[in-house]
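Encoded as structure tokens, the structure appears first; notes follow it.
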Amino acid sequence: MEEEIWKKYVRSMSEEAGTTLDLRVQEIDNGWFERFGTILKDRNEEEISKICAPETGEALKAPEDEVPEIETEETKGIISDVVGLNIEELYRVVLYEIIHTIGADADNNDRESLFQYLQDAFKMDDEKHSEALAEVREKEAPSILLNVEVIQAKELYPKDANGLSDPFVTLYLNRNSSHRYNTSVKTETLNPCWEEYFSLPAEDTSEDSLVVEVWDFDPAETVSDKIGKLTGVKGVRGLRKLMKEIAVTASTGKHDNELIGVITIPLKSIPSSGHVKWFSLEKKSSRTTKRGAIQLKLGFSSEKNNQVAAQEHRHLMRLIVLQEMEHNKPDLQTWDGSFEGPADVILRQHAAQSGLRPADEKMAQWVEFGRLHANQPLNFKLFSSIIYSVTDPLNNGLYSDDEMKLFWDGTKRLLPSIFQGIRKLRKTYTPDKSCLIQLDAMLSILAELSKLEVADNIDLFPSSIYGWLQNGDKNTPTILECLDDAIKQSASEWFVQLVESTRPSEVTSENLLQHAVKITQQVRGDLQRSIEHFDKIFYTRLKVQYAMISYRIYDEKIAELVEPLVTEVCSTMKQLKFKGNTPDIENADVDPLTMGTSLFELYLALQRCLMLGQGLFPVGNDDFKLSRYHVWFHKGVRHWLDMAVFKATQRIAKAVELDNLTPVDSITKFSSSPVDTRSIFHQIKLFWNQLAWPDVENSYTFVAKIMDDICRCSVFYADRMAAKVASLGDVENSFGKTFIITNEWCLAVNNIDHVRQSIQPFTHELGVDIIVKNLSEVSNAAQADHCRETLTRLVENSVDTVQNKIIELMETMAMKMSPSIKRFLLEGAEIINQDNNHLDRLMSYLEENVGTLYSQLSDENFARILAILWENVYNILSETVADGLDRRRPPVFFENLNTTLDLLVSFFKQKETVEGNESYKKIKTDIQLHGMPTDQLILTYYLERMSEQTALNNPSYGMMTVKMQLIPAHSLLRIEILNCRNLLPTDSNGSCDPYVKIQLLPEEKFNGVVKPRTKIHKKTLFPLFDETFQIQLSKEQSELKSALVHFVVKDQDFLGMSSQFVAESFIPLSDIPITTMETSIHEMKQVHLQLTKPTSFDSDVFLAIEHRNGEKLARDFIKRQKAKVHLNNNGKH
């Protein structure tokens, strides 16, 4: 989030006039970093967006000028070119076909319009037309055949008991119903497939009809055969059907076929060009039960010679095409090759009545459209649709040698325009759908042609037309080889033209660099367009990778252009020499700013171009000329990094100077200079990330230098910022010299810390981990680890150095505040609760200073300075406490210090924070102990002893077993002492004479309460007492929460004059079970108490009591406690 904040700030500073601190910092070096970083990046992206836009030019189509009219004389010449056939004879043939139209065209009564169209197309005058028409009317009607292919049927009505049928088809013409044709029988199916062919003589196509009947075949079967089908019967209907068949067979022996359905098709409804169609079957009766459907292919043909008919059709089509071009003027760029009106009827009738195959019609289109395309360019999609229809017949030998020759002649007319289109693709391409369709059509044509075998005597690529082919002395190239050369030639010609058209008029190093940048960017844009628009089409159609072929050409061309230029420019860039901390750039041979920027821009352009090539060639890209582009720039990068460190320190000094130490906005706690500093770091990082240096070892060298420079700049910034605020905050008033923490001090801390926080992430942003990982792969793990450790130490040392600068600032603030804080503590301890204004004045001071710290510092920095302040407070309090002890200050002095400390915690509003601080805990404990009354301090000591007892895991001084009950209703305490075990011997005979004494603590609270004791047991370490005691308490005593029951085990000496301490145990009065008077002590659970004795007197509590040896109560207590240890060490006396 913080990253986004400072980036947003940089942007906002650039937009707001009058407050452009960042721009003023940039002005010191005229935007040197930005030229390499953000601005250059934006410019490059802008250039890429421009070069991705295609150049304006013609699309992949002929010019959109109006198609010129074909002159009459030219038309006559083309007509007279109809070789091998008299034009008048062809005219009579077509007239004859119009008179005897077949199929659906027979209903067309407007034959006059057909005659007129034909007369216009053949340029026939009226007299010759009338003579020809009269002649053909005298001829007999042609012999026409109806060709029928029975393809398949579906969803037939079931006729057999098993729910299926055994269908076959019968077909005949109504006027010759005796001549019937049958298909084969398909057993047990309702969806039969036949694919069988029949030719029926059609004498009258205008009146006759085709009848198609689908039957269920019933074989000759006996009754037993019928009964054997019972297992295959389907449903009640099937059973009824079988029973009927059995009855008929048994009575008559007949086995008639059953009609499934029938369809009658008028011949005049069949198109003259034929069609494939599904027909619904009907039953002869009036019932409309669904009977299924049958698919038929229907068409007409004659017995004319196929070669003659094909030739006639080609010539007829040529004449009709000329007629359409002259009068109807179709849009040749979108024309799909189809005709309308009379032209369509005449061509269809000629094809049908001549018995032409679809392949013959398509061949005629290929030849004649190709002839037209040579002068009037047509839509390539038209040719792609035609070639799909002729390739299979060509491969299967369905065409004659003459027709094959005609096909390749037409192909030779078409290919030059295709290859020319591919060569000029970069100049003529516009990114619209129609252009891509045209390109796809061209490549589809080449794909189909490449599958065909070209005859040896066919020269598809004559040198007079294809002089640009690179096959040299090789044999005639293949289609794919020619395409490969066309793509290479296209790239090479376009590159040369691009270089020449953009060459600078003034030859300088800077202009040549910018020229190289533009060339490289344009090439990359061309490759991107190729990938986006062309590659998929080329690869889908021909498995040709257009962009990859182009890239190979560009790779060599760019390297030839750029390498000598960059090498020469870098050789003129001498290494900078420093005068102290300032580089000597005045005597440089070239302008390091301008030249360096142009070099880097060219570097990025080459880098992106290479990345594009590596994407095109995931493998096999090692031989790219551009793969070593970075080596050309090595000296230039070193020069830039030398300049960067000097420019950075200049900017930092200026940024600190201009920093007015106010927050950049309402949500941040730092001012402008760290933003400017991090902006410099960001520009350096942006430069490095865009550089993406590919050589691992040099990459490590560069990044190590960058990190070292960044660390130096960070320390430089910390020193400048510390110096800026060093003299701020010292004031003098009526109370003397005082230090006031200002917002500027807080911002200085936050500023330095803000820069410090950027150092560690900066290493990751530079990709150090990746570089070291790659280094281990190309070198060895030990060297990589050494490099990682070197960088790590460099960064850690820098971070620590800057951190120490922050701590120095905080310690300075704490040191300046210490006198006032000490005065506050001392005066607070002396004058608390007294009627003066010392406390108010000092609290006001703290409120002003610590409040500033809390509000202005970041949370982390406030916590850090708080720790430093509390460390100082601890030292002051330690001195104060020590001084108070030396002077034998009364407990009230320390109690007042404790109150003062609480006031500080409350003021800081950091109770949870300080309570976790060890220094605070130590101070608090000491002050509290020395502020307690002596009797409370003694009780605290006993509570501490009880805690030690509870923490024991292995009792060293024995155990005591007791039973206890507290009866609140009567304020009565009952204790039964049962026994002791494993007591330590105190007598010389290895035994002791123990007894137990009971007392309640604190003693001052239980004055007058009896202190019962057990009987003495002689010479035993395991005394069995079994004695019960009742101790009467007051109600207040029985409810005292801090009260303890103190059991003391003593040893009676042999004269009975004195007793020796053996061990002791404690239990809180509040832990004793509460019962009623009726509950017997014997009913209570046994309690096993561990016996202990004091082992040392170095606890804070005991030392506090010992310090009060001026009080009798304290002296007596210390004497008793030390006697316990003394007797333990020396035995009886």
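Structure data summary
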| read-out | value |
| --- | --- |
| Condition check for Lys724: within 16 Å of Asn751 (Cα to Cα), among the basic types (Lys, Arg) and surrounded by fewer than 22 Cβ atoms within 10 Å (Cβ to Cβ) | yes |
| Thr205 being touching a strand residue (DSSP E or B) at 6+ places or on another chain (Cβ under 8 Å), part of a loop (DSSP other than H, G, I, E, B) and surrounded by fewer than 19 Cβ atoms within 10 Å (Cβ to Cβ) | no |
| Subset of the stretch 291-341 that is in a loop (DSSP other than H, G, I, E, B) and polar (S, T, N, Q) - its residue that is surrounded by the most Cβ atoms within 10 Å (Cβ to Cβ) | Gln333 |
| Total residues in the stretch 1079-1099, condition over 18 Å from Val996 (Cα atoms), loosely packed, with under 15 Cβ neighbours inside 10 Å and touching a residue at least 40 places away in the same chain (Cβ under 8 Å) | 3 |
| Of the criteria (1) assigned to a loop (DSSP other than H, G, I, E, B); (2) surrounded by fewer than 17 Cβ atoms within 10 Å (Cβ to Cβ), which one Asp402 fails | (1) |
| Selected residue (only one of Arg348, Arg371 is in contact (Cβ under 8 Å) with a residue 60 or more places away in the chain and not assigned by TED's automatic domain parsing to the domain that holds Thr205) | Arg348 |
| Entirely in the stretch 853-928, the helices (runs of 4 or more DSSP H) that have 1 or more residues that are without any contact (Cβ under 8 Å) to a residue 24 or more places away in the chain and over 21 Å from Arg823 (Cβ atoms) | 859-886, 911-915 |
| Lone qualifier among Ile806, Ile821 - being closer than 29 Å to Asp753 by Cα, assigned by TED's automatic domain parsing to the domain that holds Cys713, crowded, with 17+ Cβ neighbours inside 10 Å and at pLDDT below 80 | Ile821 |
| Filtered residue count, the stretch 650-674, keeping only those that are assigned to a helix (DSSP H, G or I) and under 16 Å from Glu27 (Cβ atoms) | 11 |
| Filtered residue count, the stretch 486-540, keeping only those that are of a type in the set (Asp, Glu) and part of a loop (DSSP other than H, G, I, E, B) | 1 |
| Leading residue by the ranking (modelled with the highest pLDDT) among those in the stretch 125-146 that are surrounded by 19 or more Cβ atoms within 10 Å (Cβ to Cβ) and not β-branched (Val, Ile, Thr) | Ala132 |
| Unique match (being in the same structural domain as His970 (by TED's automatic domain parsing) and in contact with a strand residue (DSSP E or B) (Cβ under 7 Å, 6 or more places away or on another chain)) among Leu1040, Leu1024 | Leu1024 |
| Leading residue by the ranking (surrounded by the fewest Cβ atoms within 10 Å (Cβ to Cβ)) among those in the stretch 1038-1052 that are of a type in the set (D, E, K, R) and in contact (Cβ under 8 Å) with a residue 60 or more places away in the chain | Glu1039 |
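The values are calculated or read from the model by the stated rules, or taken from the named source; none is laboratory data. This is a predicted model, so every value here is computed, not measured. Virtual Cβ from ideal backbone geometry, glycine too; neighbours counted across all protein chains shown.
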